[in-house]
Every structure is written in C-alpha cells, then in structure tokens.
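Working notes, beginning with the structure itself.
Read-outs: derived from the displayed coordinates by stated rules, not from any lab. Here the structure is a predicted model, which means the values were calculated and not measured. FYI the Cβ positions are ideal-geometry reconstructions off the backbone, even for glycines, and counts take in every protein chain you see.
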Amino acid sequence: MGPLAASGTGAGEEEGCSQTGIAFETRADFGSKAPVGTTGEPRLRRIAARLSLEYARRLFSGQQGIGDQTPNEVIAEGLQDGYFQDYGRRASGLEAEFAGIDYIDFRF
C-alpha cells in the first residue's frame, strides 16, 4: 500500500472521493505563519476533517505523481483552507504547517 492508501481502497473509492471529498482524521504537529501577536508554534493536534472535492482530486493526482504538490502538501493546504480558515471566513493570512505526522486515517 502507498503512504495514503487504506485497506480496501480501489478505483471505486477513488472515483467516489473525487466526487464528494474525503473524510479523515489525523494527529500531527500543526503550526502556522500568522500575523504578529498570535502563536504559531507547532503543537500536536488531533483533527477530524473533510478534504473538499477539489483537494480530494489533487490528493489522488499527487499520489500518482501528477502535479507539483506532494500528498502531504495537498493535505496541509486543504486543512489550512477548510479547517483553519473556514473557506475564507476567518484567519485570513494564516499559513498552516503540517509536519510530524503520527497517523492519518482516511474514510472512503
């Protein structure tokens, strides 16, 4: 299995995920580059979230070596946009950093 694969995944799961997005849970070190006066130090967090349709497609492309982003970069950007910035409704200018991954569990 590849680094982003889950048991039982196949073409049907990839097709479904690329139409609805991907639910997942992760525990990793998250930090940020944010405006002065905010704390951006990396810390271990457990986050359950969903990657939108756009990020699900980019994730599978990255897994296949297509595009200019690694799968981890796609996940970090997807979390930054959806989880931390709530798709533009908060934390504008925040740049999330995603490292020190303990685990990622995808739900297809």
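Worth a mention:
- Taking other Cβ atoms within 10 Å as a rough exposure proxy, R89, R45, R107, R58 sort from fewest to most as R89, R107, R45, R58.
- Other residues within the sphere of radius under 12 Å centred on the Cβ of Y55, judged by their own Cβ, net out at -1 (K and R +1, D and E -1).
- Added length on full extension, which subtracts the Cα-Cα distance from 0.36 nm per residue, I101 to E54: 14.7 nm
- Residue order, fewest to most surrounding Cβ atoms within 10 angstrom, among D29, D68: D68, D29
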